[in-house]
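A short worksheet on the structure shown next.
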Amino acid sequence: MTSNNPAVFLLMINGQIEAADFPEYDDLYCKYSFVYGHDWAPTSGLEEGISQITSKGRGSQSLVWNFPLDITFKSTNPFGWPQIVVSVYGPDTFGNDIVRGYGAVHIPFTPGKHTRTIPMFVPESTSRLQKLTSWLMGRRPEFTDPKVVAQGEGREVTRVRSQGFVTLQFNIVTKDMKKLGYDTTSIEHSPARTPQQL
């Protein structure tokens, strides 16, 4: 195999989980993991991680983590493009760690610097009795595997409530995608075309 005829392309991701906006909560931490298709394989970096606990500053509603992300994937095709799943946790009134939000976003397709804001949600109990029981027992509804957030199966029967936002910043670099026939230029960065070129 020569470097002029690559068999795989690379997707390099670095950046950070910058901050969160959860007006009702404080002292939160987050976990992240990547979800990707069968043709994808991580070649370096961390697939999952857990941040430090952060508190709101004086006069600020923002929770700042600045938690680093750094991973490289290789693949033969773009099907199953990686997504990042973020779960946010914090204490309830009894001091138990409970989920404060789940969210997912696809890794940007084009090289460059990107900022994404993920709307977060939490699963809800289906009845008031279940809601009261879960509050008394300190066991709120949560997913056994947070990666289910990145998949569509079974989501239509899950009752959820929106709650907060998480902001991520990505720096994306791709290698050999153009050589394999994939166009990675974004529409806003491509040069203007004349009608004759279209």
- Subset of segment 19-37 [farther than 20 Å from Ala150 by Cα and open to solvent by 50 Å² or more (accessible area, probe 1.4 Å)]: Asp21, Pro23, Glu24, Asp26, Asp27
- Item | Identity of the residue in segment 115-153, of a type in the set (D, E, K, R) and open to solvent by less than 90 Å² (accessible area, probe 1.4 Å), that ends up modelled with the highest pLDDT | Arg116
- For segment 85-106, what are the residues that are closer than 13 Å to Cys30 by Cβ and either in contact (Cβ under 8 Å) with a residue 60 or more places away in the chain or small (Gly, Ala, Ser) (or both)? Val85, Val86, Ser87, Val88, Tyr89, Gly90, Arg100, Gly101, Gly103, Ala104
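Do we have Asn77 as under 30 Å from Lys175 (Cα atoms) and free of Cβ contacts under 8 Å to residues at least 40 places away in the same chain here? Write out each step before concluding.
On the way: under 30 Å from Lys175 (Cα atoms): yes; free of Cβ contacts under 8 Å to residues at least 40 places away in the same chain: yes.
Here the answer is yes, as Asn77 does meet what is asked.
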- Note on the structure: A careful count of residues in segment 34-74 that are under 30 Å from Pro23 (Cα atoms) and in contact (Cβ under 8 Å) with a residue 40 or more places away in the chain gives 12
- Message: Can you tell me which of (1) open to solvent by 50 Å² or more (accessible area, probe 1.4 Å); (2) part of a strand (DSSP E or B) is the one Val88 doesn't meet?
- Response: (1)
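The values are calculated or read from the model by the stated rules, or taken from the named source; none is laboratory data. What you see is a predicted model, and the numbers here were worked out from it, not measured in a lab. Note that each Cβ is placed from the backbone with ideal geometry, even for glycine, and that neighbours are counted across all protein chains shown. For the accessible areas, the whole protein counts, side chains as well, though only heavy atoms, and no ligand, DNA or RNA atoms are used. Shrake-Rupley method; radii C 1.70, N 1.55, O 1.52, S 1.80 Å.
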